[in-house]
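Student: Structure below; questions to follow.
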Amino acid sequence: MGFASWMAYRYLTAKKDKFLAVINGVAIAGIAIGVAALIIVIGVMSGFDHELREKIIGANAHVLVERETGLEPYAALQDKLKVLPGVVAATPYIHGNVFLESGRKAASLILRGVQPQSEGSVTRIDQYLAHGAIKNLKPDEAVIGSQMASFYGLRVGDDMTIIAPASGMAGDAWRYHFKVAGLFTSGMYDYDRNLVLVDLRKAQEIFHIGTDTVTGIGLKLRDPQAAGALKKNIYDLTGFSFSVRTWMESNSNFFAALQLEKFAMFIILILIVLVASFNIISTLIVTVTGKVRDIGILKAIGASKGMVGRLFMWQGLVVGMLGTFWGFTGGVGLSLLLKKYQFIRLPQDIYYIDHLPVLVQASDVAAIVGAAMLITYAATVYPAMKAADLEPVEALRY
């Protein structure tokens, strides 16, 4: 321990100056609260981002290859897409809007025709199913979301009627009867409330398209983050008459809003640490004012400006480090408790998930701790410079 750090320790632990001890305690508490709040809030924002990414990836393919007029014939293209580097599996699908007939009302839904044998290799729908398996889906069966089942009073084994627009005269429509073969819970309210899965061949019949035609082909990648890099390879293969969308592009506005909110919360909450740093400035100024005589004696016996400045800088940094440490401990501890026990519940129709997600990332914590220490260091500069500039004669005179 150097002379400056030793003197700073003595000033901080001096028992006779209770007023300075209270000010130091307030400064430490302010920084601790700010750091803890930052860690918890940023952890929650990261948790939302991660949770929703996982749910979106789980219910959808990583890359969608479509064409406005449909893919025909799709089997040959599917085989070519499956062998591209990074592609794990591929499955065709049909996507369209239908109505569910319930009593005297008809509610708009999204119908997705899937290939039962390959759908489970691209999405996680089998993991979300509470009953049955998607590979056993029959042409007269449908899989619906748990929220839809709850809203319309449907259970496994019940009959349901789908109304789809016909290709003939305007206003004409066809009714198709299905048996509910399974209920899935993805955790995404929009999917669980509005999505119906049926066999691909039945969807072709409903939308009056040929047996060789589909809306698109979904791809699962070994690394979902590499979806953007794969687009060029797909365009080289298919040409630019096709539409290639990654899971990130399909939800770009959503994720951009989350990132903006996360950054805004970081800026807002870092202001708490900034306000707490003013307590450090005031503490050091009071300390310098009260230790003028000590500073004069130190300089008279040979202490340099740098040594005196470091003395008060160390004092402020210790306050900042203590506040940051307790904030780090409290923030990470509370975040882990929130993650483990999930005692804060959320309305699923608003937030898409039913609990408060928390993901504490080392990079986020490091940025918060680094920002807190940088602000603390900046707060010590002015008081330390004022103490270092005191002349021995002027200090001892008074």
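Where a number appears in this text, it was derived from the coordinates with a stated rule and is not lab data. All values reported here derive from a predicted model rather than from experimental measurement. With ideal geometry, Cβ positions are generated from the backbone for all residues, glycine too; neighbour counts draw on all protein chains shown.
Student: Considering only DSSP beta bridges with both partners in the stretch 87-221, what is the antiparallel share in %, to the nearest 5?
Tutor: Of the beta bridges lying entirely in the stretch 87-221, close to 75 percent run antiparallel.
Student: Under the √(5λ) rule applied to the eigenvalues of the Cα gyration tensor, what semi-axes describe the equivalent ellipsoid of the chain? Give them in Å, descending. Walk me through the numbers before you get to the answer.
Tutor: On the way: eigenvalues 869, 101, 45 Å².
Semi-axes from the Cα gyration tensor: 66, 22, 15 Å.
Student: Ok, one more. Take every Cα pair under 8 Å in the stretch 87-221 that's 6+ residues apart, average their separations, divide by the length, and report that relative contact order as a whole percent.
Tutor: 37 percent
Student: Write down the radius of gyration of the stretch 87-221 and its Dmax, each obtained from C-alpha positions, in Å.
Tutor: 14.3, 46
Student: Sorting Val332, Val98 on the 10 Å Cβ count, fewest up front, what's the list?
Tutor: Val332, Val98
Student: Please label the shape of the stretch 228-271 as rounded, prolate or oblate, based on the square roots a ≥ b ≥ c of the eigenvalues of the alpha-carbon gyration tensor (a/c under 1.5 means rounded; beyond that, a/b larger than b/c means prolate, else oblate).
Tutor: On the way: a/c = 6.76, a/b = 3.84, b/c = 1.76.
Taking the square roots of the gyration eigenvalues as a ≥ b ≥ c, the stretch 228-271 is prolate.
Student: Given Phe325, Ser304, Asn279, which one lies farthest toward the positive end of the charge dipole of the stretch 257-330, if we put +1 on the Cβ of every Lys and Arg and -1 on the Cβ of every Asp and Glu?
Tutor: It is Ser304.
Student: Here is a follow-up. Which of Glu391, Glu51, Glu101 has the fewest other C-beta atoms within 10 Å, and how do the rest follow up to the most?
Tutor: The fewest-first ordering by Cβ neighbours comes to Glu391, Glu101, Glu51.
Student: Obtain the radius of gyration and the Kirkwood radius of the stretch 45-130 from its C-alpha atoms and give Rg over Rh.
Tutor: 1.04
Student: Right, another one. How far, in degrees from 0 to 90, does helix 3-13 lean away from the longest principal axis of the Cα atoms of the chain, to the nearest 10?
Tutor: 80 degrees
Student: Which angle from 0 to 90°, rounded to the nearest 10, does the C-alpha axis of helix 305-341 make with the longest principal axis of the chain?
Tutor: Helix 305-341 sits roughly 30 degrees off the main axis of the chain.
Student: Turning to a different aspect of this structure: Would you report the distance distribution of C-alpha pairs in the stretch 221-344 as whole percents per 10 angstrom bin, up to the bin with the largest distance?
Tutor: 10, 20, 19, 16, 14, 11, 7, 3, 0
Student: Tell me the angle of helix 362-388 to the major Cα principal axis of the chain, expressed in degrees between 0 and 90 and rounded to the nearest ten.
Tutor: Once rounded, the angle reads 20 degrees.
Student: Moving to a separate point now. Taking the alpha-carbon centroid of each part, what is the distance from the stretch 252-290 to the stretch 86-111 in angstrom?
Tutor: A separation of 47 Å, based on Cα centres.
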